[in-house]
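One structure is given below, encoded as structure tokens.
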Amino acid sequence: MKIHPLITTTEELAELCTRLAKSNFVAVDTEFMRENTFYPLLCLVQIGNEEEAAAIDPLASGIDLSPLLELLTNNEDVLKVFHAGGQDVEIVYNLTGRTPHPIFDTQIAMMAVSQSEQIGYANLVESWIGKTIDKGARFTDWSRRPLTERQIEYAIGDVTYLAKIFPKLLKKLIKTGRGEWLNAEMEKLADPDNYANDLETAWHRIRAPSRNSLVLGRLKALAAWRETEAQAKDIPRGRIMRDETLADLASHPPAKQEDLAKVRGLSQAWKDNDIGKRLMRVLRDVEPLPADEMPDKPKRGAPLGKEGALVADLLKLLLKIRTREIDVAARLLTRSDELEALAAGVRKLPVLEGWRYEVFGRDALELVEGRLGFGVEHGRLKMTRIVDTGETAAPEEPGEGAESQAAE
């Protein structure tokens, strides 16, 4: 694989992107700093395919990233491959208002071929190609210039290894027939709504202190105000005010500015400074949250009770058995709260739809409805079909549950 010198000009970048646009896929990674700014500061972009790779310096004087951003967001012929790419996608969205598409995330894909919930990149590389990554530059300040050769080599490794792993992982997904399981997960990762910084919906990120419309009206107004203040100062929103403090102010607003000195999480200076005045102005002008914006009441099934809790525990045991049998991450199939809802009588659930139903949901439903039990064979737990005669069928072989049921 050809490794190019650090790209610092628009001309070099355009030439690279023209070649990469002919690829079936490109591996992408970014290095950024977000400790002191509202939006992450993009410091380096690494991109490559099976033949070549390069690091791009977005802080280089005069460089225009348009060729790269067009390749990532406006070329449907090239698959963009990331590992744990949520923050990388967010950066591209902040720059363009669009997200990379089509997209593939190897961390998500690993859930379909192993029991790994959130495999780290170093472990991915070691397990697939037997390489140990030098983590010495992991916590470097990527905004400092000049970058060292060691830093650049470390950064480019994130895409050169990824470009080798992706075809192998894809081949395994095709062999197991599990590629379609991931379609919805990948589309969710690429959904622009996940990254939009909308002042009207900023309050959705904060745990609502109550369902009182006036309290939620304050929460909405305060969250939007915090976003505006943080953007204007270009600092993380938490530096203005933490979520817990904001929610507390929504529930217990101060009567006058001097009372801000008593609010835990705020500086004493807020009792008479300008930001305190702006905060009080927001609280004075707030209105109750309109009825059409009120959050839905949590949908719950019947209370679990002691017996229901035991059923939920059996469902979780069944999930452990099934994930072990077919070597898949439990989180890809379902969640604990979903299993508890199933035990409580809820039937409109993702686990009872599509491929999840075929792989696990059918067995889960039959367990709840008394048509499936557990057996022990050679010291290992097995799912056991309960037949109508009251007898039990032989324990199922690993992974055969969905197939045997489909044949019934």
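One table, with the values for the structure above:
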item: Scope region 111-120; condition under 14 Å from the mean Cα position of the chain (by Cα) and not acidic (Asp, Glu); matching residues; result: MET111, GLN118, ILE119, GLY120
item: Cross-chain or 6+ apart pairs with Cβ under 8 Å, region 238-258 first and free of Cβ contacts under 8 Å to residues at least 12 places away in the same chain, then open to solvent by less than 50 Å² (accessible area, probe 1.4 Å) and aliphatic (A, V, I, L, M); result: ARG239/ALA230
item: Selection within region 25-74 - touching a His at 6+ places or on another chain (Cβ under 8 Å), within 19 Å of TYR195 (Cα to Cα) and among the acidic types (Asp, Glu); result: ASP29
item: PHE360 being in contact (Cβ under 8 Å) with a residue 24 or more places away in the chain and under 20 Å from ARG331 (Cα atoms); result: yes
item: Within region 229-250, tally of residues that are exposed (fewer than 15 other Cβ atoms within 10 Å of the Cβ) and of a type in the set (Gly, Ala, Ser); result: 2
item: Only listed residue being within 25 Å of ARG98 (Cα to Cα), assigned to a helix (DSSP H, G or I) and within 23 Å of the chain's Cα centre (by Cα), chosen from ASN183, ASN123, ASN197; result: ASN183
item: Residue selected from region 352-387 under the condition of a type in the set (Val, Ile, Thr) and open to solvent by 30 Å² or more (accessible area, probe 1.4 Å), by the criterion modelled with the lowest pLDDT; result: VAL387
item: Any chance ARG226 is surrounded by 15 or more Cβ atoms within 10 Å (Cβ to Cβ) and either over 23 Å from the mean Cα position of the chain (by Cα) or among the hydroxyl-bearing types (Ser, Thr, Tyr) (or both); result: yes
item: Residue in region 364-376 that is under 21 Å from ARG324 (Cα atoms), assigned to a helix (DSSP H, G or I), within 34 Å of the chain's Cα centre (by Cα) and not aliphatic (A, V, I, L, M) present; result: yes
item: Residues being open to solvent by less than 70 Å² (accessible area, probe 1.4 Å) and within 27 Å of the chain's Cα centre (by Cα) - total across region 46-66; result: 12
item: Lone unmet requirement of (1) open to solvent by less than 50 Å² (accessible area, probe 1.4 Å); (2) more than 30 Å from LEU333 (Cα to Cα) for THR132; result: (1)
item: Conditions (1) open to solvent by 50 Å² or more (accessible area, probe 1.4 Å); (2) at negative phi: number failed by ALA329; result: (1)
item: Flag if GLY390 is modelled with pLDDT under 80, assigned to a loop (DSSP other than H, G, I, E, B) and touching a helix residue (DSSP H, G or I) at 6+ places or on another chain (Cβ under 6 Å); result: no
item: So ARG347, is it of a type in the set (Lys, Arg) and surrounded by 15 or more Cβ atoms within 10 Å (Cβ to Cβ); result: no
item: Selection count where residues are more than 15 Å from ARG239 (Cβ to Cβ) and surrounded by fewer than 17 Cβ atoms within 10 Å (Cβ to Cβ), scope region 260-272; result: 5
item: Close pairs from region 1-27: first farther than 20 Å from PHE166 by Cβ, partner of a type in the set (Asp, Glu) and surrounded by fewer than 16 Cβ atoms within 10 Å (Cβ to Cβ), Cβ under 7 Å, at least 6 apart; result: THR10/ASP64
item: Filter result for ILE152 (open to solvent by less than 80 Å² (accessible area, probe 1.4 Å), aliphatic (A, V, I, L, M) and in contact with a Phe, Trp or Tyr (Cβ under 7 Å, 6 or more places away or on another chain)); result: no
item: Test: residue in region 109-120 that is open to solvent by 40 Å² or more (accessible area, probe 1.4 Å) and either more than 27 Å from GLU35 (Cα to Cα) or at pLDDT 95 or above (or both); result: yes
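The values are calculated or read from the model by the stated rules, or taken from the named source; none is laboratory data. Treat the numbers as computed from the prediction; the structure is a model and nothing was measured. Here Cβ is always computed from backbone atoms with ideal geometry, including for glycine, and neighbour counts include all displayed protein chains. With ligands, DNA and RNA removed, areas are computed over all heavy atoms of the protein, side chains included. Shrake-Rupley method; radii C 1.70, N 1.55, O 1.52, S 1.80 Å.
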